[in-house]
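One structure below.
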Amino acid sequence: PVPFDEWWSVIRDHGHPEERGFFVHPVADPAVIAGNGTIGLEILEQLPDVSAVVVPYGGGGLSCGIASAIKAKRDDVRVYAAEVDTAAPLAASIEAGRPVDVDHVRTFVDGIGGKGVLPEMWPLASSLLDASLVVSVGQICDAIRTLVTRAHVVAEGAGAAAVAAALSGRASDRVGGGKVVAVVSGGNLDAAALATILEGGTP
């Protein structure tokens, strides 16, 4: 693991001084975004009558990739970003109409929640994503518990953010009660943190 500030500088500056020639941007690389789009195609294939899709928003590569594929096939399907309220740069940027920086509060939800929207991702995010649904750390803990107890799926904080947003009912309300898909994007959750969450606490 690396400190958050170092990780953010790598994402912002498109590389690390020690990795010249070996860096593939995990968010803004066109091939990575296109690859993420296959998730959107699979959703449409498996649930043709989907009304909305909620995707965790970290840097935008996953959500914009999924949205680009879905919108190309079905422009009536809404695609929402899910952010945590301890760092929700997309929601702030949408409100401001331009990329803005936000305060970042460190929590166990470390797969999303950057200091800002990457300028190169703003054109895609602002045109493809219909809104950002911001949830609390507590709601994410509730979603993790729900996933474990009902679906036997262990999700990390970022992965459960979309489920938390879907469970809030805001996506369903926006599409008149239609079918909502929540993308669970990762399971990299520390065992001790998971134990705390399952006992009703917050790591």
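Listed values, structure above:
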item: Of the DSSP H helices in the chain, those whose Cα atoms cover at least 20 Å axially and whose Kyte score averages -0.5 or more; result: 30-46
item: Kirkwood Rh (inverse of mean 1/r, distinct Cα pairs), the stretch 60-104, angstrom; result: 11.8
item: Net charge over other residues, Cβ less than 14 angstrom from the Cβ of residue 127 (K, R count +1; D, E count -1); result: 0
item: With every protein chain in place, the stretch 1-116: carbon and sulfur % of accessible area (1.4 Å); result: 51
item: Centre separation in Å (Cα based) which lies between the stretch 156-173 and the stretch 60-137; result: 13
item: Amide hydrogen neighbours beyond the local backbone of residue 156, cut-off 5 Å, H modeled; result: 186, 187, 188
item: Two-decimal ratio, the stretch 54-133, of alpha-carbon radius of gyration to 2.2 N^0.38 Å; result: 1.02
item: The stretch 98-203: C-alpha gyration tensor shape, a/c 1.5 cut-off, then a/b vs b/c; result: oblate
item: Amide hydrogen neighbours beyond the local backbone of residue 134, cut-off 5 Å, H modeled; result: 83
item: The chain, relative contact order in percent, only Cα pairs under 8 angstrom and at least six apart counted; result: 21
item: The stretch 158-203: radius of gyration and largest Cα-Cα distance (Dmax), Å; result: 13.3, 39
item: Sequence of 185, 127, 9 when ordered by accessible area, the most exposed leading, probe 1.4 angstrom; result: 127, 185, 9
item: Accessible area per residue, Å², the stretch 87-203 with all protein chains present, probe 1.4 Å; result: 48
item: Gyration tensor over alpha-carbon atoms, the stretch 2-98, equivalent ellipsoid semi-axes in Å; result: 27, 18, 10
item: Amide H within-cut-off set for residue 88, under 5 Å, with H built and near neighbours excluded; result: none
item: Percent of Cα pairs exceeding the 24 Å cut-off, where the set is the stretch 17-176; result: 32
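The values are calculated or read from the model by the stated rules, or taken from the named source; none is laboratory data. Please read all numbers here as calculations on a predicted model, not as lab measurements. A quick note on method: Cβ atoms are made from the backbone with ideal geometry, for glycine too, and the neighbour counts reach across all protein chains shown. To get the accessible areas, we keep the full protein, side chains included, count just its heavy atoms, and leave off ligands, DNA and RNA. Shrake-Rupley method; radii C 1.70, N 1.55, O 1.52, S 1.80 Å.
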